[in-house]
Amino acid sequence: MEWQRAVAAAFGLGDVVEPWTPVAGGRSHLMWRLRTSRGTWAVKRLNRSHEDWWMRDYRVAAAIQLDAWAKGFPMPRPVHPLEPVAPLLATCG
């Protein structure tokens, strides 16, 4: 549960109240449902590369997610980390 607490702290999600559970359907990345003292969250663990092309493509994907949210697309609310590596991205653990 250490990594779950690190994720919750990095994104200011509150205290973890129960172990997270896997969410089916992710093609490229693993996803979990995380319950904290502040609510229930969808957490995505990215298969991150440290090559320049990956970060460039990631920034495009994050911009699309933020734009979709701003335009009212039905989706989980994107949450910015307290100390971002990039938009919507934090290094945890």
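The values are calculated or read from the model by the stated rules, or taken from the named source; none is laboratory data. Note that the structure is a prediction, hence the values are computed from the model and not measured. Every residue, glycine among them, receives a Cβ derived from its backbone with ideal geometry; neighbour counts consider all protein chains shown.
Taking the residues in region 1-21 that are among the small types (Gly, Ala, Ser) and in a loop (DSSP other than H, G, I, E, B) as candidates, determine which candidate is surrounded by the fewest Cβ atoms within 10 Å (Cβ to Cβ). Filtering region 1-21 for residues that are among the small types (Gly, Ala, Ser) and in a loop (DSSP other than H, G, I, E, B), the one surrounded by the fewest Cβ atoms within 10 Å (Cβ to Cβ) comes out as Gly12.
The residues of region 38-58 that are under 15 Å from the mean Cα position of the chain (by Cα), outside any helix (DSSP H, G or I) and of a type outside the set (Lys, Arg), listed by number, are Gly39, Thr40, Trp41, Ala42, Val43, Leu46, Asn47. One residue stands out among those in region 23-41 that are out of contact with any strand residue (DSSP E or B) (no Cβ under 6 Å at 6 or more places or on another chain) and not polar (S, T, N, Q): the one that is modelled with the lowest pLDDT, which is Gly26. Filtering region 27-37 to residues that are over 12 Å from the mean Cα position of the chain (by Cα) and exposed (fewer than 13 other Cβ atoms within 10 Å of the Cβ) leaves Arg27, Ser28, Ser37. Flag: Pro76 does not match the condition of being in a loop (DSSP other than H, G, I, E, B), touching a residue at least 60 places away in the same chain (Cβ under 8 Å), under 11 Å from the mean Cα position of the chain (by Cα) and surrounded by 10 or more Cβ atoms within 10 Å (Cβ to Cβ). Kindly provide the set of residues from region 65-93 that are closer than 12 Å to Ala9 by Cα and charged (D, E, K, R), ordered by number. Residue satisfying the conditions is Glu83 alone.
Across region 51-63, the number of residues qualifying as under 29 Å from Val16 (Cα atoms) and surrounded by fewer than 11 Cβ atoms within 10 Å (Cβ to Cβ) comes to 0. Just one of the listed residues (Ala24, Ala68) is loosely packed, with under 10 Cβ neighbours inside 10 Å and more than 12 Å from the chain's Cα centre (by Cα), namely Ala24.
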